[in-house]
Amino acid sequence: MSEWRAEVSEMPKQTILVIDDSPEILAIVNGLLRHSYRLKASNCGLKGLSLASAMPRPDLILLDIMMPDINGLDVCRKLKENPFTRDIPVVFLTAMSSEFDEQLGFELGAVDYISKPISGPILQARVKLHLKMKLHVDFMEDNNVLLTSEVLKRTQEIELAHDVTIFAMTSLAETRDGETGNHIRRTQHFVKALAVALSDHPRFAAELTPSNINMIFKSAPLHDIGKVGIPDRILLKPGPLSAEEFEIMKTHPALGKKAMEYAEQQLGQHVPFLVFAKQIAYSHQEKWDGSGYPQGLAGDEIPISARLMAVADVYDALVSQRSYKLMLSYEESKTIMLKGRGSHFDPDVLDAFLAIEDEFIAIAENCKSTGSG
């Protein structure tokens, strides 16, 4: 108990700023409050405004209304307009009793009035009350700052865990295919570049918001997660697949979608991120003209995220070396991509690719590795 009392006694005094053009009022307030509080005083409004912004910043301001240079109502208005002083409680000292003035004062942000002539007990009681309220407000604001900081920290931890989980899942897929390399990383950045390029396009703007682009970027690495379920004899075959083997390979989009649905069931709730993950995993092999798989979707039936991935996936396959093919030059790859405009690819998405081809090349150069899609 003695230690607690010692700590309380060592707490710094709260600061009160008194702004009044009357020397008598300043003397009275000083005599009543100086033993309990740190006092700052001004006999004019303009100097008072300067003192209000100076350190140590006041915990409470006692403000006269009738002053020669600038009246107290205007001083209060300026205090509340200033972000450094707007939260300091203001108590008017006034001989005015008009209801209009009181209403205007409260509208300007004052918390109380003390009438002149000043009563010592009333002044001390009101000051004590408002300073106690200020302490509670400051305590709540500090707690809110700490809470906000903690929530941000926890959110960042969850996002990190989320990203690590995706990395672990895609790494598992990579271990099944020794040639995957940086395919996942390249296609992820290709998709984001396309999404950003199309974010102002009338056909895509509603869906390609910054938040959705971020989720598409994070879910893109899962596009081939279904290949985990493809037998090694097919997945690792060095040459072209037979018709029967290709039919089995074509099941990987459905396997990927099923994995996402299972994850959603286990979570027991709708997760926006998994919506894009399912779209990309299930539909990235669809073609604009309806000749793709697994559903044979055509045109706008194909989710936008999957249309982006289709361009990214094919381009990466062309510019990368595979067990069954050599890598093509960027120019050769662009020529082949152009042939797929309106058949394999959404024309507008392919046009966006052409517009930012240099960005695709830069991504490919920065993430060079032999790869497989």
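Our coupling estimate for region 287-298, obtained by passing each phi through the Karplus curve with A = 6.51, B = -1.76, C = 1.60 and θ = phi - 60°, is 10, 4, 8, x, 8, x, 9, x, 9, x, 5, 9 Hz, Gly and Pro reported as x. Rounded to whole numbers, the Karplus 3J(HN,Hα) couplings from phi for region 335-349 are 4, 5, 4, 4, 5, x, 5, x, 10, 7, 10, 4, x, 5, 5 Hz, using 6.51 cos²θ - 1.76 cosθ + 1.60 with θ = phi - 60°, and x at Gly and Pro.
With +1 on the Cβ of every Lys and Arg and -1 on the Cβ of every Asp and Glu, and nothing else charged, how large is the dipole of region 228-293 about its Cα centre, in debye rounded to the nearest 20?
On the way: 7 positive and 8 negative charges, 21 e Å.
My answer is approximately 100 debye.
Taking amide H positions as modeled 1.01 Å from N, with prolines and chain starts lacking one, the residues under 5 Å from GLN321 and 5 or more places away or on another chain are MET327, GLY371. Packing here is the average count of other Cβ atoms within 10 Å per residue, and on that basis the peptides 275-286, 354-365, highest first, run 275-286, 354-365. The lysines within cross-link reach of LYS257, meaning a Cα-to-Cα straight distance under 19 Å and a gap of 8 or more places when in the same chain, are LYS218, LYS227, LYS278, LYS287. Two numbers describe the Cα atoms of region 2-142: Rg and Dmax, which are 14.9, 51 Å.
Step through the table entries LYS80/LYS153; LYS40/LYS116; LYS47/LYS116; LYS339/LYS368; LYS13/LYS47, compare each Cα-Cα distance with 28 Å, and write down the pairs that go over it.
Numbers: LYS80/LYS153 32 Å; LYS40/LYS116 20 Å; LYS47/LYS116 22 Å; LYS339/LYS368 25 Å; LYS13/LYS47 22 Å.
Listed pairs above 28 Å: LYS80/LYS153.
Among LEU267, ALA195, ALA352, which residue has its Cα furthest toward the positive end of the charge dipole of the chain, with +1 on Lys/Arg Cβ and -1 on Asp/Glu Cβ? Ranked along the dipole, the leading option is LEU267. Remark on LYS40: its backbone amide H falls under 5 Å from those of ILE16, LEU17, VAL18, a criterion applied only to residues 5 or more positions apart or on other chains, H modelled at 1.01 Å from N. This structure gives volume of the Cα convex hull per residue in Å³, computed directly, and of (i) 146; (ii) 240; (iii) 138 that value is listed as (ii). Computed from backbone phi, the HN-Hα couplings of region 63-71 come to 10, 6, 8, 8, 9, x, 7, 8, 6 Hz, rounded to whole numbers (Karplus: 6.51 cos²θ - 1.76 cosθ + 1.60, θ = phi - 60°; Gly and Pro given as x). In angstrom, the C-alpha Rg and Dmax of region 180-328 are 15.4, 45.
Values in this text are rule-based calculations from the coordinates and carry no lab data. Every value quoted in this text rests on a predicted model; they were computed, and no experiment measured them. Note that each Cβ is placed from the backbone with ideal geometry, even for glycine, and that neighbours are counted across all protein chains shown.
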